[in-house]
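The values are calculated or read from the model by the stated rules, or taken from the named source; none is laboratory data. Keep in mind that what you see is a predicted model, and the values were worked out from it rather than measured. With ideal geometry, Cβ positions are generated from the backbone for all residues, glycine too; neighbour counts draw on all protein chains shown.
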Amino acid sequence: MDRQRRHDSQGVMEDDLNDIKADISSFRYELLEILQTNGMKTPQSTQRRRSLLQLLSLACFAILPLLIARAI
């Protein structure tokens, strides 16, 4: 309860906004995937962008342990 009160007094932080943006983006791609699975047409550029984002995400997760190990 006290933690929530402190958080409320700080206002909205940039990290909060970035989290919301990420959630909205994830929801958008999940919804497009559901629509495509059910036979609806979706923009091809969206599919290419999603593939690129997935590739970048995998690359980041592959590199992250190396960066952490180097920092330790």
Filter result (assigned to a helix (DSSP H, G or I) and either among the small types (Gly, Ala, Ser) or modelled with pLDDT of 80 or more (or both)) within the range 37-53: THR37, SER45, SER51
All positions within the range 25-42 that are surrounded by 10 or more Cβ atoms within 10 Å (Cβ to Cβ) and either aliphatic (A, V, I, L, M) or more than 18 Å from GLN54 (Cα to Cα) (or both): LEU31, LEU32, ILE34, LEU35
Cβ-Cβ under 6 Å pairs, at least 6 apart or on other chains, the range 26-43 side closer than 21 Å to SER57 by Cα, far side surrounded by 12 or more Cβ atoms within 10 Å (Cβ to Cβ) and of a type in the set (Ser, Thr, Tyr): LEU32/THR42; LEU32/THR46
